[in-house]
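The values are calculated or read from the model by the stated rules, or taken from the named source; none is laboratory data. This structure is a prediction, so every number in the text was calculated from the model and none was measured. Note: ideal-geometry Cβ built from the backbone for every residue, glycine included; neighbour counts use all protein chains shown. What goes into the accessible areas is simple: the full protein's heavy atoms, side chains included, and nothing from ligands, DNA or RNA. Shrake-Rupley method; radii C 1.70, N 1.55, O 1.52, S 1.80 Å.
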Amino acid sequence: HRCEACGDLTDFDFARACRTAVESAGLKASEDKWVGRDWFPLAGSLGSDAQALPAASRAVRICAKCLFAVQYLPLGVMLLDGRLTVFQSTSDEFSYGLVQTLVAEIHSRLRAGNYETVGSKEGSGALVGRLLGVLETLQRDGRLDQIPKATTLQVWRFSNSGASPDCRVEDIASSALTFLQRAAQLGLQPDIAALLRRDGKERQPLFRCIITGQDYPGLYPEGKWPGTSPRLYALYQTEVCGRSPRSLEIGQAIAGQAVIQMGERDIERLKRKKTFSDVTARSRFRSVIVNMTQQGGLTLDDYMTLFPYTGESSDFAVSYDGWDIIRYYLYHDEALSFANSGAGSAEVPDSRLM
């Protein structure tokens, strides 16, 4: 018959294997022995229809290889959002590196008497930090210099609690992995760690924003939080959000000109998130944009690069994201040293990452 986990043909007799092992120890073996939830997660229990695999009315058929793998599964899993999680990837080097890291961490915890599952009480940021570590190690050892474009990481999250077993599979695309690898190359782990410490204050976790290609609100200044570093901000915008370096260059230049043309008190007021969302406040910046255009520092193409057409309605609508870029750079004077000369001569942001 076929294994109901992997589909391979198998003649593995679980009852016989158990009987042989027990009798070899000089004990009496039970004739009735089958694979159930105690041996194979999600396999189900005889007499219960609540489980995932077809074991409610009979014992599940599992091959020796799958049974062996599942018995060692706890050495390579972690918790992600409260679910046990395992990984596979189109890159063997990457998936092996991730599993090796988890196994080493689990062994270290066990030696210290810590039996909590890796990732427990850490939230989704637990995976981000460990992926950074794996990518840094693989590059240092010369095993993975660059993430191939077709590389994906599959995250299998499963639960066998109560009467609702569940398994969800999520793909992490190469663009997200490339961002993390570049962050590791540039030594931005402390910057990402600072974002992860703020993760609970944001509606969308950093991990979720990275894998879905969304902008992360925690990048931006708010209250006493100054926002992330300009290097990480530029890397996130280009690698995760897909914005062009030119759009950041233009946002920097507009912010720089606003600092020159407006008073310090106005700039401090406009830095506030709520104030900046007001139409009147944005009109002040539009006058700066008009002046830059008249002086030849900006073109219509530049404006459309920063505020692209969204196509979300029949009306002409442009993206609001450009205002977020301007507001970010108002807070970071260290990124505006070149802006006084106008957008036309500003340095491309990702060249500053090196």
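So which residues in segment 87-100 are buried (at least 18 other Cβ atoms within 10 Å of the Cβ) and touching a helix residue (DSSP H, G or I) at 6+ places or on another chain (Cβ under 8 Å), if there are any at all?
Phe87, Ser89, Phe94, Gly97, Leu98, Val99, listed by residue number.
Has segment 4-11 got any residue that is within 19 Å of Lys65 (Cα to Cα), at pLDDT 90 or above and over 40 Å from the mean Cα position of the chain (by Cα)?
Yes, there is a match, as at least one residue in segment 4-11 is within 19 Å of Lys65 (Cα to Cα), at pLDDT 90 or above and over 40 Å from the mean Cα position of the chain (by Cα).
Any residue that is open to solvent by 50 Å² or more (accessible area, probe 1.4 Å) and under 25 Å from Gln139 (Cα atoms) - is there at least one of those in segment 235-249? Walk me through it before giving the result.
If we filter segment 235-249 for residues that are open to solvent by 50 Å² or more (accessible area, probe 1.4 Å), which is where we start, we get 239, 242, 246.
Narrowing the set further to residues that are under 25 Å from Gln139 (Cα atoms) leaves 239, 242.
Among the residues of segment 235-249, at least one is open to solvent by 50 Å² or more (accessible area, probe 1.4 Å) and under 25 Å from Gln139 (Cα atoms), which makes the answer yes.
Give segment 190-215 a look and list any residue that's without any contact (Cβ under 8 Å) to a residue 24 or more places away in the chain and either assigned to a loop (DSSP other than H, G, I, E, B) or surrounded by 16 or more Cβ atoms within 10 Å (Cβ to Cβ) (or both), or say none. Outline the logic, then answer.
Within segment 190-215, the subset without any contact (Cβ under 8 Å) to a residue 24 or more places away in the chain is 190, 197, 201-204, 212.
Within segment 190-215, Glu202, Arg203, Gln204 meet the criteria.
Scanning for something assigned to a loop (DSSP other than H, G, I, E, B), closer than 30 Å to Tyr309 by Cβ and either of a type outside the set (D, E, K, R) or in contact with a helix residue (DSSP H, G or I) (Cβ under 7 Å, 6 or more places away or on another chain) (or both), does segment 223-237 turn up at least one residue? Don't jump to the end; show me each part of the working.
First pass over segment 223-237, keeping only residues assigned to a loop (DSSP other than H, G, I, E, B): 223-224, 226-229.
Filter again for closer than 30 Å to Tyr309 by Cβ, leaving 227-228.
Subset that is either of a type outside the set (D, E, K, R) or in contact with a helix residue (DSSP H, G or I) (Cβ under 7 Å, 6 or more places away or on another chain) (or both): 227-228.
Yes, the conditions are met somewhere in segment 223-237.
Looking at (1) open to solvent by less than 60 Å² (accessible area, probe 1.4 Å); (2) assigned to a helix (DSSP H, G or I); (3) farther than 28 Å from Ile211 by Cβ; (4) at pLDDT 85 or above, which is the only condition Asp301 fails?
(1)
Please list, ordered by first then second residue, the pairs with beta carbon atoms under 8 Å, 6 or more apart or interchain, first in segment 119-132 and closer than 11 Å to Leu206 by Cα, second small (Gly, Ala, Ser) and outside any helix (DSSP H, G or I).
Listed pairs, sorted by first residue: Ala126/Gly119; Leu127/Gly119.
Kindly evaluate Lys121 against the criterion of being open to solvent by 30 Å² or more (accessible area, probe 1.4 Å), in contact with a Ser or Thr (Cβ under 6 Å, 6 or more places away or on another chain) and part of a loop (DSSP other than H, G, I, E, B). Show your work before the answer.
Numbers: open to solvent by 30 Å² or more (accessible area, probe 1.4 Å): yes; in contact with a Ser or Thr (Cβ under 6 Å, 6 or more places away or on another chain): no; part of a loop (DSSP other than H, G, I, E, B): yes.
Criteria not met by Lys121.
Mind telling me which of the residues Gly162, Gly142, Gly187 ends up being of a type outside the set (Lys, Arg), open to solvent by 20 Å² or more (accessible area, probe 1.4 Å), modelled with pLDDT of 90 or more and assigned to a loop (DSSP other than H, G, I, E, B)? Break it down into steps so the answer makes sense when it comes.
On the way: Gly162 fails: modelled with pLDDT of 90 or more; Gly142 fails: modelled with pLDDT of 90 or more.
Criteria check complete, one pass: Gly187.
Quick one: which residue in Leu67, Leu42 is buried (at least 16 other Cβ atoms within 10 Å of the Cβ), under 30 Å from Leu131 (Cβ atoms), at pLDDT 90 or above and out of contact with any Gly (no Cβ under 7 Å at 6 or more places or on another chain)? Even if it seems obvious, please write down each step before you answer.
Details: Leu42 fails: at pLDDT 90 or above.
That would be Leu67, the only listed residue that is buried (at least 16 other Cβ atoms within 10 Å of the Cβ), under 30 Å from Leu131 (Cβ atoms), at pLDDT 90 or above and out of contact with any Gly (no Cβ under 7 Å at 6 or more places or on another chain).
Yes or no, residue by residue, for (1) within 21 Å of Leu188 (Cβ to Cβ); (2) free of Cβ contacts under 8 Å to residues at least 40 places away in the same chain; (3) open to solvent by 60 Å² or more (accessible area, probe 1.4 Å):
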position	(1), (2), (3)
Ile106	no, yes, no
Gly113	no, yes, no
Ile147	yes, no, no
Gln154	no, no, no
Arg168	no, no, yes
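Exactly one of these conditions fails for Ser174: (1) at pLDDT below 90; (2) more than 30 Å from Val70 (Cα to Cα); (3) surrounded by 11 or more Cβ atoms within 10 Å (Cβ to Cβ); (4) small (Gly, Ala, Ser). Give me its number.
Just one mismatch for Ser174, condition (2).
Residues that are acidic (Asp, Glu) and free of Cβ contacts under 8 Å to residues at least 24 places away in the same chain: find the helices (runs of 4 or more DSSP H) completely inside segment 249-298 holding 2 or more of those. Step through it out loud before you land on a result.
On the way: elements: 264-270, 273-276, 279-294.
Per the criteria, 264-270.
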